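The structure appears below as structure tokens.
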Amino acid sequence: MERLMRRRDFLRLTGGALGLSTLIAACGGDNSTPTPADGGNPTPTPDTSGGTPVASAASPVASPTTAGAATPASSASGEPIRIGVLLTLSGPQGVNGEGNLRGLTLALDQAGMQFGGRPVELIIEDSAGQPEQAITKTRQLIERDRVHLIAGITLSNEAAAVRDILVQAEMPTIVTNAGLQALTRDPAMRSPYIFRVSFANGQYDAPAADYAYETLGYRRMVLHAADYAAGHEEMAAFRSRFERAGGEIVGEVVAPIGTQDFGPYLQRIEQAAADADAVFAFHGTSTDAIRFLVQYQEFGLKDAIPLIPSGANVDQSILPEIGDAALSLVSGTLYTAYNDTPESQAFVEAFTAKHEGILPGLVDYAGYIGGRVIAEALSAIDGEVEDKEALLQALKGVEFTGPAGNFRFHPESQGPVTTILLCRVEQLDDGTYANIVIDRVPDFDDLSF
């Protein structure tokens, strides 16, 4: 349903949103995963939609862009810099879009919401987790709203669906969540107009494979994942790094998304692991992850077969629901709020001041990095977004120290080169479950696995 998103609605969404774990519970058990299945490249549908939700961060009340309005050739008049934000903000995956939006808006707020004297106008569209709707919304942002750049894209199948539209329109795009590997890793799919700040599926879990072999001494492992594209990409990434280190994968077990009773799959894992040292598991940041980890412990496997979960499986947003079943588990992740650096502490302080009761997790962090990248690039060109080539060059050159560590783009893939944090789940004195950093892998890029 189309609607005009006025400022009070925008603030309610980004400033007063419920915590991620609460929203997951409200989804009735639907799987909510940062890197969902790749739905391929759906055939574009005609643009038959009506109005566009517009949230102007520069004025109290947003106003829609007039359809068919000409794009001014000069910014001398102080025309707003229009940033299209395409995210899944409703449906089972909406929690991830909302987290991205929280981080993105915080970074732009910190930058002052203007560049070169030009205010920033965010035009926010909800893809609802549907590739066809993502296509329609992308066309609206490009053809009607005449945005200067696009940020967001929550799901991998949405990224596959809109990729050609973005490239044909030569639209500078910052992907803040979708982990579809080919988007930056495949020379036939990557584009000079597409940058990704989040991850390629497996990017933050692959270093955990090295840690499993080199530090924990595991030599034979079983892989387990949700049975969809991202799950298979995650297993492939872990397998590649573990085998490269010298290890052997002795079995793979997959379970459908939305599995309630993991008993049959835990039995298969137990059988496959009879001659293995440990198990790797991926279900994303989801209710599936909560159920799997809790049942892994209840089934008696946690003490019998060491488990290395994906960092998404034990993200800060769902740790309270997992509880003791997560204690002592080691994983790789993009970010933890317990990263003890000045940049991370400043980020957590600013984030919790704006979103009381919520600690930033993976998707909040990725959205924040996307906002920081946009702010750095727009500052470098003094807000002159009409010079597209200058904007693209500015994006390529972005580099800064963020909450996780140093960040920059890989010159070939235009995916993130970032610090991966290896963490262990511990319980603090106040009873809080936390991902505590035990090691860091700097400068890890999306072509490294």
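Could you give the length gained by full extension between Q168 and I436, i.e. 0.36 nm per residue of separation minus their alpha carbon distance, to one decimal place?
Values: separation 268, 0.36 × 268 = 96.48 nm, distance 4.37 nm.
Full extension of this stretch gives 92.1 nm more.
Apply 1/(1 + (r/R0)^6) to the Cβ-Cβ distance of D227 and T352, taking R0 = 45 Å, and write down the FRET efficiency to the nearest 0.05. The partial results should precede the final answer.
Numbers: r = 36 Å, r/R0 = 0.81.
FRET efficiency, D227 to T352: 0.80.
Tabulate in residue order the Karplus-calculated ³J(HN,Hα) for the stretch 215-229, using 6.51 cos²θ - 1.76 cosθ + 1.60 with θ = phi - 60°, rounded to whole Hz; enter x for Gly and Pro.
Values per residue, Gly and Pro as x: 9, 8, x, 6, 10, 10, 9, 10, 10, 9, 7, 5, 8, 7, 4 Hz.
Accessible area, 1.4 Å probe, largest first: how do S240, S328 sort? Working shown, then result.
Values: S240 40, S328 80 Å².
From most exposed to least exposed: S328, S240.
For the ranges 265-278, 90-103, 314-327, what's the packing order if you count other beta-carbon atoms within 10 Å of each residue, average per peptide, and put the highest first?
Values: 265-278: 17.5, 90-103: 26.1, 314-327: 21.8.
With the highest mean Cβ count within 10 Å placed first, the list reads 90-103, 314-327, 265-278.
Using per-residue counts of other Cβ atoms within 10 Å, averaged over each peptide, order 302-308, 186-192, 171-177 from highest down. Display every interim value, and only then the final one.
On the way: 302-308: 17.4, 186-192: 13.3, 171-177: 26.6.
Averaged packing, sorted descending, gives the order 171-177, 302-308, 186-192.
Beyond 15 Å, how much of the Cα-Cα pair distribution for the stretch 348-447 remains, as a whole percent?
Numbers: 3476 of 4950 pairs.
It works out to 70 percent of all Cα pairs.
Could you give the accessible area per residue of the stretch 287-428, probe 1.4 Å, as a whole number in Å²? Don't skip to the answer; put the middle values down first.
Numbers: 4760 Å² over 142 residues.
Dividing the accessible area of the stretch 287-428 by its residue count gives 34 Å².
Summing Lys, Arg as +1 and Asp, Glu as -1, what charge do residues with Cβ under 15 Å from the Cβ of Q295 carry, Q295 excluded?
Details: positive: R268, R291, K302; negative: D261, E270, D288, E298, D303, E321, D324.
Here the charged neighbours net out to -4.
Find the centroid of the Cα atoms in the stretch 312-369 and in the stretch 264-305, then give the distance between the two in whole Å.
Each part reduced to its Cα centre gives a spacing of 23 Å.
Quote the FRET efficiency, to the nearest 0.05, computed for L428 versus L216 with a Förster distance R0 of 25 Å and r equal to the Cβ-Cβ distance. Please report the intermediate quantities before stating the final value.
Numbers: r = 24 Å, r/R0 = 0.95.
That gives a FRET efficiency of 0.60.
What is the percent carbon and sulfur in the accessible area of the stretch 86-194, measuring with a 1.4 Å probe over the protein chains and ignoring ligands?
46 percent
How long is the gain from E386 to E132 if the chain were fully straight, where each residue apart is worth 0.36 nm and the alpha carbon distance is subtracted?
Details: separation 254, 0.36 × 254 = 91.44 nm, distance 2.89 nm.
Residue separation times 0.36 nm, minus the Cα-Cα distance, leaves 88.6 nm.
Taking a probe of 1.4 Å, how large is the accessible area per residue of the stretch 96-239, in Å²?
24 Å²
The values are calculated or read from the model by the stated rules, or taken from the named source; none is laboratory data. This structure is a prediction, so every number in the text was calculated from the model and none was measured. Positions of Cβ are backbone-derived with ideal geometry, glycine not excepted, and every protein chain shown enters the neighbour counts. Heavy atoms of the whole protein, side chains included, go into the accessibility calculation; ligands, DNA and RNA do not. Shrake-Rupley method; radii C 1.70, N 1.55, O 1.52, S 1.80 Å.
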